[in-house]
Amino acid sequence: MKVFVTGGAGFIGSHYVRSLLDGSRPGFEDTHVTVLDALTYAGDRANLPERHPRLTFVHGDVCDLPLLLELLPGHDAVVHFAAESHVDRSLVDSAVFIRTNVAGTEALLHACVRTGVQRVVHISTDEVYGSVEKGSWTEECPLAPNSPYAASKAASDLVARSYVRTHGLDLSVTRCSNNYGPHQHVEKLIPAFTTRLLRQEPVPLYGDGSHTREWVHVGDHCDGVHRVLTEGRAGEVYHIGGGDERTNREVAEALLELCGAPRSLLTHVADRKGHDRRYSLDDTKIREHLGYAPRIAFEDGLAETVAWYRAHAERRRHHPPRRPADAIAPVPAPAGAFDSSRTR
Ligand code: NAD
């Protein structure tokens with residue numbers, strides 16, 4: 001068995017790859033894993049074992065069709081994690097999100113068809129649905145993305161669907177809620193707050209802090225992905241939820257406690273543009289059909305995550321601002337371009 005994992009040096013992809021290599025997935029003890037990763041700012045080769053007899057690491061771009069056609073033959077399955085994944089960055093520069101998330105998915109699926117890959121799992125997100133005030137989304141809900149990141153993921157889901165319908169590709173899509181756990185890039189909320197609070201620095205809460213997310217530990221997410229890979233049906237979408245809904249304020253308060261930081265470090269900043277208020281997934285389908293259930297309680301997982309960042313000082317060094325300016329810089333208009341006295 002040979003599995004091809006894109007984005008395997010990132011947070012979730014590397015967790016999945018490590019779980020394929022550590023012998024903990026029955027039936028996959030001899031599986032060879034090829035990781036394709038462009039090592040963008042978000043990818044870190046140190047997230048993967050430096051040397052492992054069942055791992056091949058390729059530094060490359062998921063948009064590179066000739067490379068994919070060279071690498072994919074002989075692989076039985078593809079798990080597609082590679083993406084630009086940070087909403088804040090998509091507010092400033094959305095072009096790279098369309099390139100990697102949409103064109104990259106198209107190149108990968110095109111190459112899968114041409115090289116006869118048997119099974120594909122496309123990793124997506126709950127953000128494709130927009131925001132929900134009450135209740136939870138089922139897999140049948142319409143896509144209504146609000147950020148350029150979410151729009152690029154929704155578009156990639158539609159590309160994936162078309163490859164099932166048009167080419168008969170055996171592909172399933174997973175849509176997961178917010179992940180947390182060790183090895184996450186420090187730009188994301190939980191690592192950003194943790195690493196700052198461990199240094200006794202202030203943390204910025206967007207708006208009133210009442211935005212609500214459903215959290216799932218990365219280990220539970222990867223268990224769900226693996227169930228979909230091995231037992232999921234072609235053309236189906238599967239939600240992978242954590243069932244643990246928290247406001248950002250509640251998450252921040254739990255982190256203050258775990259990091260031994262005073263409440264005064266919690267500050268407020270203006271809300272993010274187009275900030276979705278609440279995400280919530282109904283994951284009955286994967287629970288009933290594939291036997292998935294999250295196992296890691298948020299309190300336990302969060303404590304483990306904080307302990308990991310406490311122990312890994314090297315992951316606290318690179319600390320870009322969590323909040324890039326969220327406006328696209330306006331280009332000065334040519335003189336007279338918007339002169340209201342002109343009718344045409
Ligand atoms: P991440 O940003 O930590 O990792 C992304 C990886 O993709 C990095 O290793 C990066 O180097 C690689 N990559 C980026 N562009 C590439 C390209 N052009 N070619 C090859 N590799 C490239 O992201 P993550 O949090 O691990 O997310 C993985 C997947 O899960 C994404 O598809 C994301 O949309 C999805 N997802 C994430 C979450 C979450 O909470 N983090 C929730 C639901 C779904």
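The values are calculated or read from the model by the stated rules, or taken from the named source; none is laboratory data. Computed from a predicted structure; not experimentally measured. With ideal geometry, Cβ positions are generated from the backbone for all residues, glycine too; neighbour counts draw on all protein chains shown. Please note that ligands, DNA and RNA were not included when accessible areas were found on the heavy atoms of the full protein model with its side chains. Shrake-Rupley method; radii C 1.70, N 1.55, O 1.52, S 1.80 Å.
Entry note, the chain: the mean residue ellipticity at 222 nm calculated from DSSP H runs of n ≥ 4, each adding -39500 (n - 2.57), is -10000 deg cm²/dmol after division by the residues and rounding to the nearest 500. Here the simple spin-label model places points 7 Å from the Cα toward Cβ, and for His268 and Arg295 these points are separated by 4.2 nm. Shape class of region 262-308 from the alpha-carbon gyration tensor: oblate, with a/c at 1.5 or above and b/c at least as large as a/b.
Pull out the extension gain between Glu231 and Arg165, defined as 0.36 nm times the separation in residues minus the alpha carbon to alpha carbon distance; nm, one decimal.
On the way: separation 66, 0.36 × 66 = 23.76 nm, distance 1.94 nm.
Separation in residues times 0.36 nm, less the Cα-Cα distance, equals 21.8 nm.
From the Cα gyration tensor of region 83-171, with a ≥ b ≥ c the square roots of its eigenvalues, which class applies: rounded if a/c is under 1.5, or else prolate if a/b is larger than b/c, or else oblate? Working shown, then result.
Details: a/c = 2.86, a/b = 1.38, b/c = 2.07.
Oblate, because a/c is 1.5 or more while a/b does not exceed b/c.
Which trypsin sites (Lys or Arg not before Pro) in region 279-311 sit in a loop by DSSP (not H, G, I, E or B) and have at most 14 other Cβ atoms within 10 Å of their own Cβ? Display every interim value, and only then the final one.
Values: sites: Lys285, Arg287, Arg295, Arg310; in loops: Arg295.
Answer by residue number: Arg295.
Region 148-191 and region 232-306 have Cα centres separated by 17 Å. Normalised by 2.2 N^0.38 Å, where N is the number of residues, the C-alpha radius of gyration of region 116-235 stands at 1.24. Each peptide in 262-274, 191-203 gets a packing score, the mean of other Cβ atoms within 10 Å over its residues, and the list from highest to lowest is 191-203, 262-274. Here is the list for region 5-87: GluC sites (Glu not before Pro) lying in DSSP coil, each with at most 12 other C-beta atoms within 10 angstrom of its C-beta, are Glu50.
Tell me, what % of the accessible area of the chain is carbon and sulfur with a 1.4 angstrom probe? List each step's numbers first, then the result.
Numbers: 7800 of 14990 Å².
Its accessible area is 52 percent carbon and sulfur atoms.
Here Lys273 is the anchor, and the lysines within straight C-alpha reach of less than 28 Å, apart from those fewer than 8 places off in the same chain, are Lys134, Lys153, Lys188.
Label separation (Ala144 vs His59): 4.5 nm, computed from points 7 Å beyond Cα along the C-beta direction.
Compute the Cα gyration tensor for region 42-120, then decide on rounded, prolate or oblate, letting a ≥ b ≥ c be the square roots of its eigenvalues: rounded whenever a/c is under 1.5, prolate when a/b is larger than b/c in the other cases, and oblate in all that remain.
Details: a/c = 2.39, a/b = 1.26, b/c = 1.90.
Cα axes put region 42-120 in the oblate bin.
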